[in-house]
Amino acid sequence: MTEAQQYMRRALELAALGQGQTGTNPMVGAVLVHEGRIIGEGYHHSYGQPHAEVMAVRSVTEPELLGEATLYVTLEPCAHYGKTPPCAELICTVGIPRVVVATLDPFPEVSGRGIERLRRAGIEVTLGVLEAEARALNAPFFTAHTLHRPFVTLKWAQSFDAFMDAPRQDRSLAPVTFSSPLQQRSVHAARMEHEAILVGYRTALLDDPQLSNRLWYGRSPLRVVLDPQLQLPPELRLFSDAGAPTLIVHLEAARSRGREGVDETHLRYLALEGERIEPQQLLQRLYADYGIQSLLVEGGGATLQRFVDSGLYDALCIEVSAQHLGVGVPAPRLPR
């Protein structure tokens, strides 16, 4: 591993500390190095807070060394005014002569402009160090800004013989539990890492899930439930529990009249055209209307299979239990 890769690896470690906290902003880490010694570090802590470059510069106790330092940063420094001033301008102002960048920023207001601003100021810029790792760290951010849809993770647990649940027709029977307590915490960690979590009609009706992050730190995701004809009963926890907002996705033909006896302050409605809810239109609207960059699809089997068949998914999280059910709800079939 080269020296540049070592320092960029450290910057990536710092960036990952912002997991689940940066909102629609990417996770970014920065390291300042002077003659083989790290003199400053920083990362983007949370949405609306100073960027990684700012935090790194602020951490330097010997500012006179900045004029001879190299900045390693995991994403192209911004060149526009948003919630914070442009980081490219800060780098020019404090006189950092060399900048090593892992990857360009896909955001249209930044892409290439930050690098151009630095080079115009006479700063030496190296691009592409650990680029693949940097893009993987912010896969939802890159997916959203290049494909204009959320990064989609499909998650399910199944028996050894490929069933997700025993046969059930109502809520009188509890769903089969495959996950250990440790794995359940891992599932809730995944919820924290995604901006939204989705289930279909049958899962909402039979499992009555909360879909909140109760076993991990951080926020709960936006809950999304598919209710094409607006027929789900109002007593479900997705509707009555105001611990997190819920987006009810329905067909345009089924007009929302509200749910009697339910406090709707945390409920939102999204109407889609057509005869059934299609993943492509759903994902486009989630991004365009709500800015959702990452979506965790937790069930049920038919909903997951629809995403699989459409090819509109980016990651799979499948837990296979040693249990055998013999009969039940089949797990999704993946393409060979």
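Structure data summary
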{"read-out": "Only one of Ala244, Ala253, Ala271 that is farther than 27 Å from Gly18 by Cβ and either of a type in the set (S, T, N, Q) or assigned to a loop (DSSP other than H, G, I, E, B) (or both)", "value": "Ala253"}
{"read-out": "Subset of region 95-111 (residues that are in contact with an Asp or Glu (Cβ under 8 Å, 6 or more places away or on another chain) and outside any strand (DSSP E or B))", "value": "Pro97, Ala102, Thr103, Leu104, Asp105, Val110, Ser111"}
{"read-out": "Odd one out for Leu130 among (1) without any contact (Cβ under 8 Å) to a residue 12 or more places away in the chain; (2) at positive phi", "value": "(1)"}
{"read-out": "Conditions (1) in contact with a strand residue (DSSP E or B) (Cβ under 9 Å, 6 or more places away or on another chain); (2) acidic (Asp, Glu); (3) over 19 Å from Arg306 (Cα atoms); (4) open to solvent by 40 Å² or more (accessible area, probe 1.4 Å): number failed by Glu195", "value": "(4)"}
{"read-out": "Flag for Leu230 being open to solvent by 50 Å² or more (accessible area, probe 1.4 Å), touching a His at 6+ places or on another chain (Cβ under 8 Å) and modelled with pLDDT under 95", "value": "no"}
{"read-out": "Conditions (1) surrounded by fewer than 20 Cβ atoms within 10 Å (Cβ to Cβ); (2) at pLDDT below 95; (3) farther than 19 Å from Val297 by Cβ; (4) touching a Leu at 6+ places or on another chain (Cβ under 7 Å); number of the one not met by Ala174", "value": "(4)"}
{"read-out": "Matching option when the condition is open to solvent by 30 Å² or more (accessible area, probe 1.4 Å) and out of contact with any helix residue (DSSP H, G or I) (no Cβ under 6 Å at 6 or more places or on another chain), among Thr22, Thr61", "value": "Thr61"}
{"read-out": "Yes/no for Leu304 being within 19 Å of Arg149 (Cα to Cα) and not in a loop (DSSP other than H, G, I, E, B)", "value": "yes"}
{"read-out": "Residue within region 112-135 that is modelled with pLDDT under 95 and assigned to a loop (DSSP other than H, G, I, E, B) present", "value": "yes"}
{"read-out": "Total residues in region 149-166, condition in a loop (DSSP other than H, G, I, E, B) and open to solvent by 10 Å² or more (accessible area, probe 1.4 Å)", "value": "5"}
{"read-out": "Selected residue [within 22 Å of the chain's Cα centre (by Cα), outside any loop (DSSP other than H, G, I, E, B) and closer than 20 Å to Thr22 by Cα] from Arg223, Arg214", "value": "Arg223"}
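Results for (1) buried (at least 19 other Cβ atoms within 10 Å of the Cβ); (2) of a type outside the set (A, V, I, L, M, F, W, C); (3) in contact with a helix residue (DSSP H, G or I) (Cβ under 8 Å, 6 or more places away or on another chain), shown as yes or no for each residue.
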position: Gly274; (1), (2), (3): no, yes, yes
position: Glu278; (1), (2), (3): no, yes, yes
position: Arg285; (1), (2), (3): no, yes, no
position: Gly299; (1), (2), (3): yes, yes, yes
position: Gln305; (1), (2), (3): no, yes, no
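Condition check ((1) closer than 21 Å to Tyr7 by Cα; (2) open to solvent by less than 10 Å² (accessible area, probe 1.4 Å)) across all residues:
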residue	(1), (2)
Ala69	yes, yes
Val73	yes, yes
Glu89	no, no
Thr103	yes, yes
Arg117	no, no
Ile123	yes, no
Val129	yes, no
Ala134	yes, yes
Pro140	no, no
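The values are calculated or read from the model by the stated rules, or taken from the named source; none is laboratory data. Every value quoted in this text rests on a predicted model; they were computed, and no experiment measured them. Cβ sites come from the backbone with ideal geometry, for glycine too, and all protein chains shown count toward neighbours. In case anyone asks, the SASA skips ligands and DNA or RNA and just uses the protein heavy atoms, side chains included. Shrake-Rupley method; radii C 1.70, N 1.55, O 1.52, S 1.80 Å.
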